[in-house]
Amino acid sequence: MYRYDEFDHAFVRDRTEQFRDQVNRRIAGDLTEDQFKPLRLMNGVYLQLHAYMLRIAIPYGTLSGRQMRKLAHISRTYDKDYGHFTTRQNLQFNWPKLEEIPAILEELAEVEMHAIQTSGNCIRNVTTDHFAGAAADEADDPRPWAEIIRQWSSLHPEFSFLPRKFKVAVTGAARDRAAIRVHDIGLELRRGGPENSLGFRVFLGGGQGRTPLVAKEVRDFVPEHELLAYLEAILRVYNRYGRRDNKFKARVKILVHERGIDEIRDAVEAEFADLRGGVLDIPAEAREKISAYFAPPDFETLPAKSDTLEAAWKADPVFGRWVARNTHPHKAPGYVSVTISLKPTGGVPGDAKSAQMDIVADLAERYSFDEIRVSHEQNLILPHVKKDDLPALYAVLVEAGLATGNAGFISDIIACPGLDYCALANARSIPIAQRLSERFADADRQADIGDLNLKISGCINACGHHHVGHIGILGVDRKGEEFYQITLGGAPGEDAAIGEIVGKGFATDEVVDAVETIVDTYLQHRSSRDEPFIDAYRRLGKAPFQEALYGS
Amino acid sequence: MANTSKTRVLTANRLGDGRVVYLGDNGWTSDLDLARLVLTEADAETAEAAGLIGVAEREIVEPYLIDVEAESDGVQPLRLRERIRAEGPTTGNSRVAPQPEAA
Ligand code: HEM
Ligand code: SF4
């Protein structure tokens with residue numbers, strides 16, 4: 001994985017010292033809250049309902065065992081013994097004391113981590129496919145590019161005060177596991193240039209929040225070495241034309257929507273013509289130097305089939321089910337990527353106790369070449385596990401309460417912190433997620449329902465991705481009561497779509513039943529067990545669901 | 001119930017650790033039952049002035065008035081948001097973990 005060079009180390013150390021000084025000056029009274037707030041936000045420190053919240057960047061969702069152990073140590077020492085993994089492949093601590101945050105940042109810097117650019121109107125943590133560098137279906141590893149973008153965008157003088165925050169996601173596979181079409185910029189690394197060379201398909205202007213929009217393709221191929229020139233061209237156009245007059249219209253998606261993709265494309269092409277071949281051209285050596293950090297580990301030469309695995313599978317059907325759901329095909333024969341579900345029945349999606357973090361760190365070191373990923377679905381991934389090792393790995397996960405075999409099932413819920421923590425929330429998300437996961441806990445029933453993603457946000461900011469849930473739930477405030485609006489037909493992947501509101505909302509004690517009615521309606525109407533929920537919804541439209549929910 | 005809709009309390013978050021506090025008769029308290037009840041416009045002005053002093057003295061940030069119901073058995077915020085602020089998250093890992101109490 002990427003290792004800091006001397007520059008990075010010095011930079012993060014300086015930044016930590018700078019923030020320590022700022023906190024001291026705030027507490028001593030030399031800075032007012034108005035002066036301090038933008039400074040703390042630049043370092044990932046928010047004020048939520050009960051306490052400060054610290055958002056830690058996990059670049060492209062990749063962690064080593066040592067880093068994970070540090071996160072466990074921080075939760076134990078400075079927080080309440082747990083952390084919350086988010087859809088932005090970040091980690092949030094909900095209870096740090098302001099006075100202690102500089103010490104936390106110092107601990108993070110020891111393991112090459114920080115909280116810079118996790119907030120504010122800058123280019124945020126670049127997210128990627130959680131199976132990057134491992135997935136059988138990928139053209140190439142997208143993480144070197146995520147790192148190149150990170151280096152280019154970090155503290156870029158021109159882009160530190162954008163009209164609004166800016167989110168980039170990059171994937172190396174046509175199958176989109178990183179929701180790239182609902183990011184400001186989505187990049188798909190693919191072959192398609194001369195002699196089958198690599199480059200990027202570029203999507204622009206996606207986003208969620210109060211105006212959800214699916215990104216438009218702005219260019220079908222940008223050669224690899226010209227990526228930064230092309231991105232800079234986009235950012236320049238955005239900086240020039242993006243609306244600074246109205247916060248709600250400031251995202252690039254609004255610019256694309258208002259002006260049309262063709263006009264924006266022309267403007268970007270004009271800038272690109274100006275920039276290409278210049279200093280932003282990425283020399284092959286520089287690219288290779290970064291790629292070397294992400295070189296594939298030394299995979300053993302193994303047969304594709306593992307007898308150990310097959311025997312264990314036959315002996316234990318629950319294990320078999322877990323393998324079927326929570327492993328993903330790997331590039332290297334005899335290996336898989338493992339999803340460690342952070343969605344136990346009745347649990348808080350994305351939360352991990354510090355003891356669990358330690359266990360995942362051990363497992364990564366023992367079984368996955370010391371690599372861990374955080375998925376935007378709020379799970380943890382061990383990307384490179386030998387099939388032969390799965391039974392032993394599983395046994396440890398069972399002991400740790402981390403062996404729920406529900407990846408991609410209805411109980412694999414994305415939920416934002418909602419009104420239990422968030423100062424902007426209208427309604428709670430977590431208790432709804434917990435009740436839904438209890439309602440659908442039965443493993444046979446989940447298997448029967450099949451792929452179905454359910455996503456919950458506590459307000460229209462859509463941190464819980466509800467717009468792209470097959471079933472989306474949005475918390476609203478109706479005359480002081482929590483109320484939940486349901487959308488259907490959203491999708492985060494290469495078939496991205498924004499869900500449609502199915503009808504009037506539901507009170508807290510009705511919403512779980514309403515979801516069950518929707519699921520039962522799907523089960524009745526699907527053409528066969530092979531027609532997943534989203535396909536059935538696209539074929540049937542809203543009508544049968546509305547009828548089941550509200551009568552005709 | 002006597003005119004409960006007019007009863008208010010000044011709340012804020014403590015600067016040093018962000019924890020929820022209320023303006024009481026003897027400074028800031030994390031116990032809502034000890035909060036000073038704001039019944040009149042004059043009370044509100046006094047409380048808000050105390051809030052500004054709290055900000056200036058770097059004890060607290062973001063003070064604001066909330067509606068409460070004061071009954072014999074204690075003070076209850078009217079809005080759910082404030083009930084959650086008063087009592088902590090309604091579910092999840094912060095409820096079961098030992099709570100390192102702030103000074
Ligand atoms: C203190 C807590 C949080 C605050 C104040 C906050 C604030 C916001 C706001 C204001 C937006 C809307 C941006 C816009 O439409 O321009 C937003 C969007 C978003 N946030 Fe959060 N958020 C919080 C926590 C989280 C968490 C926990 C996650 C991950 C689970 C998250 C992930 C996202 C995502 C994915 C979006 C939508 C993508 C987009 O920007 O279009 N946020 N957030
Ligand atoms: S969606 Fe709303 S309630 Fe949920 S975390 Fe984002 S801002 Fe808070």
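Which residues, counting only those in region A:430-449, are more than 15 Å from A:Val515 (Cα to Cα), away from every other protein chain (no Cβ under 14 Å) and touching a residue at least 60 places away in the same chain (Cβ under 8 Å)?
Passing the criteria: A:Ala443, A:Ala447, A:Asp448.
Checking every residue in region A:270-277 against the condition of being surrounded by 19 or more Cβ atoms within 10 Å (Cβ to Cβ) and of a type in the set (Gly, Ala, Ser) gives zero matches.
Under the condition of being in contact with a helix residue (DSSP H, G or I) (Cβ under 7 Å, 6 or more places away or on another chain) and within 20 Å of A:Ile460 (Cα to Cα), which residue from region A:427-440 is farthest from ligand 2 (Cβ to nearest atom)? Reasoning before the result, please.
We begin by selecting, within region A:427-440, every residue in contact with a helix residue (DSSP H, G or I) (Cβ under 7 Å, 6 or more places away or on another chain); these are A:427-430, A:432, A:435-436, A:439-440.
Cutting the leftovers down to within 20 Å of A:Ile460 (Cα to Cα) gives us A:427-430, A:432.
Working: A:Ala427: 8, A:Arg428: 9, A:Ser429: 6, A:Ile430: 10, A:Ile432: 12 Å.
It comes out as A:Ile432.
All conditions but one from (1) more than 7 Å from ligand 2 (Cβ to nearest atom); (2) open to solvent by 20 Å² or more (accessible area, probe 1.4 Å) apply to A:Gly450; the one that does not is (2). Could you list all residues from region B:46-63 that are open to solvent by 70 Å² or more (accessible area, probe 1.4 Å) and under 13 Å from B:Thr11 (Cα atoms)? Correct list: B:Glu48, B:Leu52, B:Glu59, B:Glu62. Hey, any hits in region B:38-46 for a residue that's within 28 Å of A:Leu424 (Cβ to Cβ), at pLDDT 95 or above and of a type outside the set (Asp, Glu)? Scanning region B:38-46 turns up at least one residue that is within 28 Å of A:Leu424 (Cβ to Cβ), at pLDDT 95 or above and of a type outside the set (Asp, Glu).
Residues that are more than 16 Å from ligand 2 (Cβ to nearest atom), open to solvent by 10 Å² or more (accessible area, probe 1.4 Å) and not in a loop (DSSP other than H, G, I, E, B) within region A:63-98 comprise A:Arg66, A:Gln67, A:Arg69, A:Lys70, A:His73, A:Arg76, A:Thr77, A:Tyr78, listed in sequence order. The C-beta contact set for region A:488-509 (first residue in a helix (DSSP H, G or I), second residue acidic (Asp, Glu), distance under 6 angstrom, 6+ apart or interchain) comprises A:Thr508/A:Glu482.
Residues considered: A:Ile101, A:Ile27. Of these, the only one that is aliphatic (A, V, I, L, M), within 12 Å of chain B (Cβ to nearest Cβ), open to solvent by 40 Å² or more (accessible area, probe 1.4 Å) and touching a residue at least 12 places away in the same chain (Cβ under 8 Å) is A:Ile27. Checked against the criteria, A:Arg366 counts as of a type outside the set (A, V, I, L, M, F, W, C) and open to solvent by 10 Å² or more (accessible area, probe 1.4 Å).
The values are calculated or read from the model by the stated rules, or taken from the named source; none is laboratory data. This structure is a prediction, so every number in the text was calculated from the model and none was measured. As a convention, Cβ positions derive from the backbone with ideal geometry for all residues, glycine included, and neighbour counts pool all protein chains shown. With ligands, DNA and RNA removed, areas are computed over all heavy atoms of the protein, side chains included. Shrake-Rupley method; radii C 1.70, N 1.55, O 1.52, S 1.80 Å.
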